[in-house]
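Here's the structure we're looking at; comments come further down.
The values are calculated or read from the model by the stated rules, or taken from the named source; none is laboratory data. Given the structure is predicted, the values throughout are model-derived calculations rather than measurements. Reconstructed Cβ throughout: ideal geometry from the backbone, glycine too, with neighbour counts over all protein chains shown. For the accessible areas, the whole protein counts, side chains as well, though only heavy atoms, and no ligand, DNA or RNA atoms are used. Shrake-Rupley method; radii C 1.70, N 1.55, O 1.52, S 1.80 Å.
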Amino acid sequence: MNTEVLGVIASFVITLLLAIPLGQYIAKVYSGEKSLLDFMAPAERFIFRICGIDPAKQMNWKQHMLALLSINLIWLVYAFVMFQIQAKLPLNPDGNLSMTSDLSFNTAISFLVNCNLQDYSGETGVTYLTQLIVLTFLHFVSAATGIAALVVVFNAMRDKVTDKLGNFFDIFCKNHHTHFSTNCLCHSASACFQRNPRKLQRKRPTHYHAGRHRAYFTRTRSRHDRDQTPWDKRRGLVWCQLRPPT
Amino acid sequence: MIFALGHYLNRKRMAWAIFGVMTAGMLTFLIPTMITEIHGNPAIQHMHINQASGSMEGKEVRFGVQASAYWNILTTVISTGSVNSMHDSSMPVSGAMEMLGMMTNCFYGGCGAGFLNYYIFIIIAVFISGLMVGRTPEFLGRKIEAKEMKIATIIALLHPLLILAFTALSSWTLVNFPDIAWAVKPSNWLNNPGYHGFSEMLYQYASCSANNGSGFEGLADNNMFWNVTAGLVMIIGRYLPIIGPVAIAGILARKKYIPESAGTLKTDTGTFALMTYAVIMILAALAFFPALALGPLAEYFSLH
């Protein structure tokens with residue numbers, strides 16, 4: 001038994017230990033008990049009021065599926081259109097092209113269904129705008145869609161004979177304010193503290209080693225970059241996302 | 001979510017039984033992967049290159065072989081789709097295990113969707129074990145009848161159908177029309193000839209249908225054929241397995257609740273957990289063994 005295997009076992013055990021209290025917390029949230037993050041609930045109520053949704057209205061399974069499929073269809077059209085016109089939208093400093101229709105079809109579905117299969121190439125296929133308001137957006141809502149469907153099944157598994165399986169939009173939104181957003185904020189904060197770069201500037205071409213290959217360091221702070229902060233200098237670190245020569 | 005289920009329905013024993021089956025399933029894939037990866041590649045060994053640190057092709061030195069193997073399996077049993085080593089370079093047995101992870105698609109599984117798939121297998125397991133011991137199949141106090149079984153069977157068969165039918169379609173196109181005048185000719189689709197090329201196509205559809213999203217790589221997938229077929233597989237592979245379990249649950253919830261008695265088949269015992277595990281594995285093996293035999297298994301035997 002070497003360190004690597006011990007590391008694997010440790011990481012599994014830590015995940016398990018984290019999952020138990022998190023599971024308790026999620027169960028509490030869906031049973032309607034008060035949770036720590038309820039201070040975000042007013043935002044949710046505000047959205048419900050604008051959309052004219054009554055979160056207390058109970059749905060049966062057919063109404064749930066209708067709500068789920070129709071809202072997903074809207075996102076599909078939204079994502080498809082955004083990929084088609086992304087070249088003309090702002091936050092595209094590199095002049096990345098819009099996607100072809102078949103690639104838009106594939107990418108829109110892929111992110112909508114929480115599959116995230118990427119047939120486009122990362123830095124040239126999408127723009128900063130579509131990355132932020134389409135891909136990241138779909139990451140959240142597709143996961144929440146899956147969990148909302150699961151909570152409907154949980155509701156149906158209770159002892160009562162019932163047709164009332166909760167409100168789809170209520171469950172869907174609860175996901176966000178009670179655990180998704182917190183989780184993501186924590187991880188983004190940790191990424192920020194590790195100085196993961198996130199810039200909206202254009203890519204800078206640079207020569208990579210000696211030789212004929214030309215590579216792009218995108219959103220990079222290189223050692224000789226004038227953007228380098230004193231903090232970077234002390235650490236002597238170079239962050240880069242390397243794309244193979246095209 | 002499994003632990004949430006235990007607390008939400010106050011059935012902690014059942015939650016642990018489900019978690020146990022899922023972990024056992026995960027280990028079934030993880031252990032062979034680890035063992036083959038540690039032993040390295042015999043073909044490279046044959047060239048007198050030291051394989052003491054395992055099969056390092058396509059892996060990062062900072063992760064090493066075992067942590068990469070762990071991630072390979074977790075990322076395929078859970079539908080995260082992120083990779084930290086190139087699955088295309090995994091050993092054939094690991095490739096088979098990675099694909100099986102997506103083909104079963106319920107050992108942990110995706111966000112919400114994992115348990116929905118597992119729920120289908122529970123219904124089938126309840127039905128089969130009910131028949132075996134001669135009791136009316138009941139799950140959590142509700143009788144399971146023909147209508148629910150029909151839905152469960154369709155959903156359980158949909159996943160293999162999508163993967164195998166589309167892999168067959170792409171293989172057929174590749175063999176019969178290798179030089180058709182498309183932007184990317186089918187003959188240029190694959191990076192590797194033979195068995196491994198077949199694995200690349202099989203993996204792509206398994207990944208799409210399981211909504212996993214990881215790629216085996218080595219496949220020229222940004223062209224009309226792959227974009228459209230993979231898109232169709234993804235969208236069908238997502239929504240039907242959501243609608244199916246919700247429909248079953250919705251129909252069951254309306255039925256009369258029968259309190260547990262001595263005649264009830266208990267669904268939170270070790271026996272039932274074993275039964276579910278067997279149902280999942282047998283279904284996956286029956287559906288996918290021929291395809292796996294053509295891809296990774298054939299490659300494994302050609303290595304030695």
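List of remarks:
- Modelled label positions at residue A:77 and residue A:187, each set 7 Å beyond Cα in the direction of Cβ, lie 3.1 nm from each other.
- Computed over protein heavy atoms with a 1.4 angstrom probe, the accessible surface ordering of B:195, B:118, A:30, B:257, largest first, is B:195, B:257, A:30, B:118.
- Qualifying GluC sites (Glu not before Pro) in the stretch B:190-272, DSSP loop, other Cβ atoms within 10 Å at most 14: B:260
- Share of Cα-Cα pairs in the protein assembly as shown lying beyond 43 Å, as whole percent: 21 percent
- Accessible area buried at the A-B interface, both sides summed, 1.4 Å probe (Å², nearest 100): 5000 Å²
- Spin-label pair residue A:94-residue B:286: with each label point 7 Å from Cα along the Cα-Cβ axis, the two points sit 4.9 nm from one another.
- Partners for residue A:88 among aspartates and glutamates (Cα-Cα distance below 16 Å; same-chain residues under 8 apart left out): none
- Here the Gaussian network model covers chain B, with springs between Cα atoms less than 10 Å apart; of B:266, B:59, B:255, B:255 fluctuates the most.
- Selected from B:98, B:37, B:60 as most flexible by GNM, with chain B as the system and alpha-carbon contacts under 10 Å: B:60
- Simple spin-label estimate for residue A:22 and residue B:23 in nanometres, 7 Å along Cα-Cβ: 1.6 nm
- Among B:49, B:280, the order of accessible area from largest down is B:49, B:280, computed with a 1.4 Å probe on protein heavy atoms.
- Counting only alpha carbon atoms, the long axis of helix B:12-39 and the longest principal axis of chain B meet at about 20°.
- Exceeding the 27 Å Cα-Cα cut-off - candidates A:34/A:62; A:28/A:57; A:57/B:266; A:62/A:174; A:164/B:147; A:28/A:160: A:34/A:62; A:57/B:266
- Scaling the Cα radius of gyration of the stretch A:16-91 by the globular reference 2.2 N^0.38 Å produces a ratio of 1.57.
- Heavy-atom accessible area for residue B:36, with the other protein chains in place and a 1.4 Å probe, reaches approximately 30 Å².
- Across B:247, B:52, B:67, mean-square fluctuation computed from a Gaussian network of chain B (C-alpha pairs under 10 Å connected) peaks at B:52.
- HN-Hα J in Hz across the stretch B:52-69 - Karplus 6.51, -1.76, 1.60, θ = phi - 60°, x for Gly and Pro: 4, 8, x, 7, 8, 4, x, 10, 8, 5, 5, 8, x, 6, 6, 5, 5, 4
- Here the extension length gained between residue B:149 and residue B:187 equals 9.4 nm, from 0.36 nm per residue of separation less the Cα-Cα distance.
- Sorting A:177, A:187 by solvent-accessible area of protein heavy atoms yields A:187, A:177, largest first, with a 1.4 Å probe.
- The HN-Hα couplings worked out from phi for the stretch B:289-300 by the Karplus form 6.51 cos²θ - 1.76 cosθ + 1.60 (θ = phi - 60°) are 4, x, 5, 5, 5, 6, x, x, 5, 4, 5, 4 Hz, whole numbers, x standing for Gly and Pro.
- Chain B, relative contact order in percent, only Cα pairs under 8 angstrom and at least six apart counted: 23 percent
- The heavy atoms of residue A:97 present about 130 square angstrom of accessible area, all protein chains included, probe 1.4 Å.
- The angle separating the long axis of helix B:146-176 from the principal Cα axis of greatest extent in chain B is about 10 degrees.
- Calculated FRET efficiency for the pair residue B:255/residue B:157, C-beta based, R₀ 41 Å, to 0.05: 0.95
- Karplus-derived 3J(HN,Hα), 6.51/-1.76/1.60, for each residue of the stretch B:193-200, Hz, glycine and proline x: x, x, 4, 5, x, 4, 4, 4
- Exposure of residue B:11 as accessible area (Å², to 10), given a probe of 1.4 Å and all protein chains: 50 Å²
- The Cα center of the stretch B:192-236 and the Cα center of the stretch A:23-53 differ in position by 39 Å.
- Acute angle (nearest 10 degrees) that the helix B:92-104 long axis makes with the longest principal axis of chain B, alpha-carbon atoms: 30 degrees
- Percent breakdown of C-alpha pair distances by 10 Å bin, ordered from the shortest bin, for the stretch B:2-303: 6, 26, 31, 21, 11, 4, 0
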